[in-house]
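Laboratory data are not the source of any read-out in this text; all were calculated from the coordinates shown. All figures in this text were calculated on a predicted structure; none of them were measured in a lab. All Cβ positions, even for glycine, are placed from backbone atoms using ideal geometry, and neighbour counts span all protein chains on display.
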2 protein chains.
Amino acid sequence: MPFRVGDKWTGMVIRCLEGGPRRFTELRAPLRAVTPKVLSETLRAMERDGLLTRTAYDENPPRVEYALTPLGRTLIPLLDAARAWSATHLPHLLAARRSHERDAS
Amino acid sequence: MPFRVGDKWTGMVIRCLEGGPRRFTELRAPLRAVTPKVLSETLRAMERDGLLTRTAYDENPPRVEYALTPLGRTLIPLLDAARAWSATHLPHLLAARRSHERDAS
DNA sequence: AGCGCCGATACCGTTGAAGTAACCGGGGCT
DNA sequence: AGCCCCGGTTACTTCAACGGTATCGGCGCT
């Protein structure tokens, strides 16, 4: 794929926007670990790819809202599928990994 | 996710193994661009995670077969879904990207 | 002896995503 | 004046993935 849904943050941004538009700081709150720089890079890349829209309101304090486009929403089922896979199979994978660590030790 | 299906090669390896076990050089052939080093790194990581098995036959010349485990096969539907998404929506995404490039120029 | 096959491994360099820390401007509040 | 809020930007650094080239060991073939 020529773009990275597998980016560290793209998927989580989509999850946060599922329920409707969110502001920059509203995105930062649930994603504690993301720095403003990385978040703004992620958002700009997603806007460039037509996955979300950025709307600035000329108010005070400034307000900027990010919202998924229909194209962005088409990714939700894929994320759901990935999440379902993780719920079902990730324990097996981690168990396999641990047993290999045991072999090595 | 704590492991990278989004790795550059993991998905393609799964595709190549869908139809049955393959040897190291049989994997290299369809994946022309992959160097032996990167392929063996990918395969070892996948084996560690229980996605495939490695079987060495003590013959001459040496023969090693890689085969998907049941766990590895559970990823195939996800790859199918990703491929279907690409077929349907990737053109839209690329079109959006191009129109942003035009804005910038 | 020299060469090739197979399945790698060693060493080293490049690249790009991600993280860290600091700062900015415009407005309002005290 | 000094501080906070919001929505970022800039410069610098770190780190793992990826890639290129060279090489290895065991064996057989000629």
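Quick check for me: using +1 on Lys/Arg Cβ and -1 on Asp/Glu Cβ, what's the dipole size of the protein assembly as shown about its Cα centre, in debye to the nearest 20?
Magnitude of the dipole: close to 240 debye.
For segment A:10-74, compute Rg over Rh where Rg is the Cα radius of gyration and Rh is the Kirkwood radius from the inverse mean 1/r over Cα pairs.
0.94
Mind checking the alpha-carbon convex hull of segment B:40-105 and giving the volume per residue in Å³?
Once divided by residue count, the hull of segment B:40-105 is 151 Å³.
Of the options A:LEU78, B:SER99, B:ALA82, report the single residue whose Cα projects farthest towards the positive end of the charge dipole of the protein assembly as shown (beta-carbon charges: Lys, Arg +1; Asp, Glu -1).
Of the options given, the answer is B:SER99.
For a quick check: sort B:ASP7, A:ASP80, A:ASP103 by the number of other beta carbons within 10 angstrom, fewest at the front.
Placing the least packed residue first, the sequence is A:ASP103, A:ASP80, B:ASP7.
In nm to one decimal, list the spacings between the B:ALA84 label point and its equivalents in the other copies, with label points set 7 Å along Cα to Cβ, shortest first.
1.0
Suppose you put the label 7 Å out from Cα in the Cβ direction; list, shortest first and in nm with one decimal, how far B:ARG28 is from each other copy's label.
Its label point is 5.0 nm from the equivalent points in the other copies.
What is the angle, in °, between the Cα long axis of helix B:76-104 and the longest principal axis of the Cα atoms in chain B? Nearest 10 is fine, range 0 to 90.
Helix B:76-104 sits at roughly 40 degrees to that axis.
If the protein assembly as shown were replaced by its equivalent ellipsoid, with semi-axes equal to the square roots of 5 times the Cα gyration tensor eigenvalues, what would those be, largest first, whole Å?
They are 39, 20, 15 Å, listed from largest to smallest.
State the residue of chain A whose Cβ is nearest the axis carrying A onto B, and the distance in whole angstrom.
Looking at chain A's Cβ atoms against the axis toward B, the nearest is A:GLY6, 1.
Assuming R0 = 35 Å, what is the FRET efficiency of B:GLU41 and A:ARG63, from their Cβ-Cβ distance, to the nearest 0.05?
Plugging the Cβ-Cβ distance into 1/(1 + (r/R0)^6) gives 0.15.
Starting from the Cα of A:GLU101, step 7 Å along the direction of its Cβ; do the same at B:THR55; then give the gap between the two resulting points in nm.
About 2.9 nm separates the two model spin labels.
Considering only the label points, 7 Å along Cα→Cβ from Cα, what distances in nm to one decimal separate B:ARG97 from the same position in each other copy, shortest first?
With the label placed 7 Å along Cα→Cβ, B:ARG97 yields 2.8 nm.
Taking only Cα atoms, what is the 0 to 90° angle, nearest 10, from helix A:36-48's long axis to the longest principal axis of chain A?
For A:36-48 against chain A, the angle is about 80 degrees.
Nearest 20 debye, what's the magnitude of the dipole of segment A:1-91 about its Cα centre given +1 on Lys and Arg Cβ and -1 on Asp and Glu Cβ?
240 debye
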